[in-house]
Amino acid sequence: MPLDDDDDAKWVYREHTAAKHEVYRKYLTPWTYKLTSWNDKIRVVDCFAGRGSYVSAIDCEGPQLNNVDTPAEIPGSPQIILDRLTEHSDKFTTAECFFIERDETNFDILEENINNTNNIAGNIDYQCIHDEFQDKILDLVETDGSDCPTLFFIDPFGFKSLDYEVITEIGSTSQFEFLITFMSRDINRFFEVEYHEDAIEKVFGSTEFRAEVEKFSPDNWEPLVEYYTERLEAEGPDFTFEYLITEPDTRQTVYYLVFGTNHPNGLHTMREVMHHCGTGGFGYAPKHPEHAREQSGLSAFGGGESSTRQFLLDNFSDSRIEFMRLVETCSEVRKYGDAVESDYRRAIKELEREGEVEVIRLSSDPSGDGVGRGDLVDFRDKDELGTDD
């Protein structure tokens, strides 16, 4: 029998929860800096906020908060959000937080924990909402693009609340980003069970999901999340990215974190964050150190130094391009390759020393050898151009 959502057994803090919270915590800082550079208001929605506390922790420590004080001995994602925003409250005029929880018992505990959390910055407005995420969320935000930048944490127990139409409406809004806990283990368990067919159909937004996930097998769950991200991109965000989380002592997948954004810089930023979280290979997989996503086409290029240099020469030979735009393009094309911004910067510096490229330093010291985000990288052959510009 499945446990009720308010059963204490569901509120034990485990290593995979800590891995998920690490991604939350580390992304909130660059997201806040990025969005407040051109907005004075931002919003974070914790769509399945839970209790704001855990009853115990197993083999790990709970989140460490640096700015707010909470009565919860092991705080949850709502306090992580409030702590991160409080630390960077000088960057915005207003931040709005919604903490949504469906279960009545969990909501009561959540509300008490949040109401008794102190030292929250005065320019952060927050509200606990007792409701179903999918029933309430479209009443809280505008999805016509006029709303403020909003980050959604969508972390349900199970998968039945991941309504495809709601998720894609959120995801298609230009200023919105989301991070979803995609419970591939649960979907795998019930994939062939007729009783759950309607629920799984609602997740994928397709009546043909079984036939369309052609490569799925009980021993290989990756096609499930690949199919899910393809379905999301069909009507929702322009870009998605996946982060694997396994059990700490086995190779068994627990779930994937699925990120959605409409901006190349959002993809680049989350990719950089996920690269520095967990155990490498864009995942938390302690017993699966060789974990790496297999991609076809251009994305199959790895992140080794020689392959990165060659990739740049092969794909930008006729270009003069801003370094940051180059990195964003590489993040799209080599999505699951190992290389990150620092690797591309190192490769450009080496290519410059070899005379393969010219760096026009607009944002870094013109007399130095650094490569800033606003610098131009010119791959073009000057002899063929017949000019020195």
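The values are calculated or read from the model by the stated rules, or taken from the named source; none is laboratory data. Note that the structure is a prediction, hence the values are computed from the model and not measured. As a convention, Cβ positions derive from the backbone with ideal geometry for all residues, glycine included, and neighbour counts pool all protein chains shown.
Return the only residue of ASN118, ASN113 being surrounded by fewer than 19 Cβ atoms within 10 Å (Cβ to Cβ) and over 25 Å from the mean Cα position of the chain (by Cα).
ASN118
Consider only pairs whose beta carbons are under 6 Å apart and that are at least six residues apart or on different chains; among these, list those whose first residue lies in the stretch 190-206 and is within 16 Å of ARG231 (Cβ to Cβ) and whose second residue is outside any helix (DSSP H, G or I) and basic (Lys, Arg).
ALA199/LYS160
What's the number of the condition ALA234 fails, among (1) modelled with pLDDT of 90 or more; (2) assigned by TED's automatic domain parsing to the domain that holds THR29; (3) crowded, with 22+ Cβ neighbours inside 10 Å?
Here ALA234 clears every test but (3).
Within the group SER161, SER146, SER174, which residue is of a type in the set (S, T, N, Q), over 22 Å from the mean Cα position of the chain (by Cα) and part of a loop (DSSP other than H, G, I, E, B)? Working first, answer last.
Values: SER161 fails: over 22 Å from the mean Cα position of the chain (by Cα); SER174 fails: over 22 Å from the mean Cα position of the chain (by Cα).
Residue meeting the stated conditions: SER146.
For THR246, indicate whether it is of a type outside the set (A, V, I, L, M), crowded, with 23+ Cβ neighbours inside 10 Å, out of contact with any Leu (no Cβ under 8 Å at 6 or more places or on another chain) and closer than 20 Å to ILE154 by Cα. Spell out how you get there, then give the answer.
Working: of a type outside the set (A, V, I, L, M): yes; crowded, with 23+ Cβ neighbours inside 10 Å: yes; out of contact with any Leu (no Cβ under 8 Å at 6 or more places or on another chain): yes; closer than 20 Å to ILE154 by Cα: yes.
Taking the combined requirement at face value, the residue satisfies it.
Specify which of the listed residues (PRO156, PRO63, PRO71) is in a loop (DSSP other than H, G, I, E, B), touching a His at 6+ places or on another chain (Cβ under 7 Å) and not charged (D, E, K, R). Write out each step before concluding.
Values: PRO156 fails: touching a His at 6+ places or on another chain (Cβ under 7 Å); PRO71 fails: touching a His at 6+ places or on another chain (Cβ under 7 Å).
Exactly one of PRO156, PRO63, PRO71 is in a loop (DSSP other than H, G, I, E, B), touching a His at 6+ places or on another chain (Cβ under 7 Å) and not charged (D, E, K, R), namely PRO63.
Restricting the search to the stretch 121-133, which residues are more than 15 Å from ARG51 (Cβ to Cβ) and surrounded by 20 or more Cβ atoms within 10 Å (Cβ to Cβ)?
PHE133
Is it the case that the stretch 159-176 has a residue that's at pLDDT below 90 and not polar (S, T, N, Q)?
Yes; the residues of the stretch 159-176 include at least one that is at pLDDT below 90 and not polar (S, T, N, Q).
Residue check: is ILE74 closer than 29 Å to GLY278 by Cα and of a type in the set (Val, Ile, Thr)?
In short, yes.
Evaluate the following for ASP59: is it in the same structural domain as GLU177 (by TED's automatic domain parsing), at pLDDT below 95 and closer than 20 Å to ASP4 by Cβ?
So ASP59 does not fit the description; no.
Taking ASP108 as meeting all but one of (1) without any contact (Cβ under 8 Å) to a residue 12 or more places away in the chain; (2) within 26 Å of the chain's Cα centre (by Cα), write down the number of the exception.
(2)
Quick check: is even one residue across the stretch 340-358 at pLDDT 90 or above and closer than 30 Å to THR250 by Cβ?
There is at least one residue in the stretch 340-358 that is at pLDDT 90 or above and closer than 30 Å to THR250 by Cβ.
Looking at the stretch 293-300, is at least one residue over 13 Å from the mean Cα position of the chain (by Cα), at pLDDT 95 or above, over 22 Å from SER184 (Cα atoms) and aliphatic (A, V, I, L, M)?
no
Can you tell me which of ASP69, ASP4, ASP46 is buried (at least 22 other Cβ atoms within 10 Å of the Cβ) and either more than 30 Å from ARG373 (Cα to Cα) or not assigned by TED's automatic domain parsing to the domain that holds GLU142 (or both)?
After ruling out the rest, the residue left standing is ASP46.
When the residues of the stretch 74-95 are filtered to those that are in a loop (DSSP other than H, G, I, E, B) and under 20 Å from the mean Cα position of the chain (by Cα), which remaining residue is surrounded by the fewest Cβ atoms within 10 Å (Cβ to Cβ)?
Applying the filter and picking the extreme gives HIS88.
Run down ILE129, ILE109, ILE114 and say which single residue is modelled with pLDDT of 95 or more, β-branched (Val, Ile, Thr) and part of a strand (DSSP E or B).
When all the criteria are applied, what remains is ILE129.
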